[in-house]
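Working notes for the structure below.
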Amino acid sequence: MKWENKNQFYEGEFQNGKRNGFGVFYYSSEDKCLKYEGHYKDDLKHGKGVLYYRDNTKKTGTWVNGNFTE
């Protein structure tokens, strides 16, 4: 399923109207982040994922309730 809001969009799994499961979130062109590929729970990054930045760096690890933990 796909969700779009202004210059941001998400492609992936939804449950109860929220991002749940695996998906890819594309940030707007004004953000320092490019995209996040990984798992969500109740619209928050939760589980394994990769956050890609516009400067070609990335953060790989685990998120819990939207916070990076490792």
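The values are calculated or read from the model by the stated rules, or taken from the named source; none is laboratory data. Source: prediction; values computed, not measured. We place every Cβ from the backbone using ideal geometry, glycine too, and count neighbours over all the protein chains shown. Quick note on the areas: whole protein, heavy atoms, side chains included, nothing else; ligands and nucleic acids left out. Shrake-Rupley method; radii C 1.70, N 1.55, O 1.52, S 1.80 Å.
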Go through G38, G21 for me and flag whichever is open to solvent by less than 40 Å² (accessible area, probe 1.4 Å), in contact (Cβ under 8 Å) with a residue 24 or more places away in the chain and of a type outside the set (D, E, K, R).
G38
Give me a count of the residues in the stretch 40-65 that are hydroxyl-bearing (S, T, Y) and under 10 Å from the mean Cα position of the chain (by Cα).
2
State yes or no: is G38 closer than 13 Å to G12 by Cβ and of a type in the set (G, A, S)?
yes
Go through the stretch 42-69 and report how many residues are surrounded by 13 or more Cβ atoms within 10 Å (Cβ to Cβ) and either touching a Pro at 6+ places or on another chain (Cβ under 6 Å) or among the basic types (K, R) (or both).
4
Output the number of the condition that F14 fails; it satisfies all remaining conditions of (1) surrounded by 13 or more Cβ atoms within 10 Å (Cβ to Cβ); (2) in contact with a Leu (Cβ under 8 Å, 6 or more places away or on another chain).
(2)
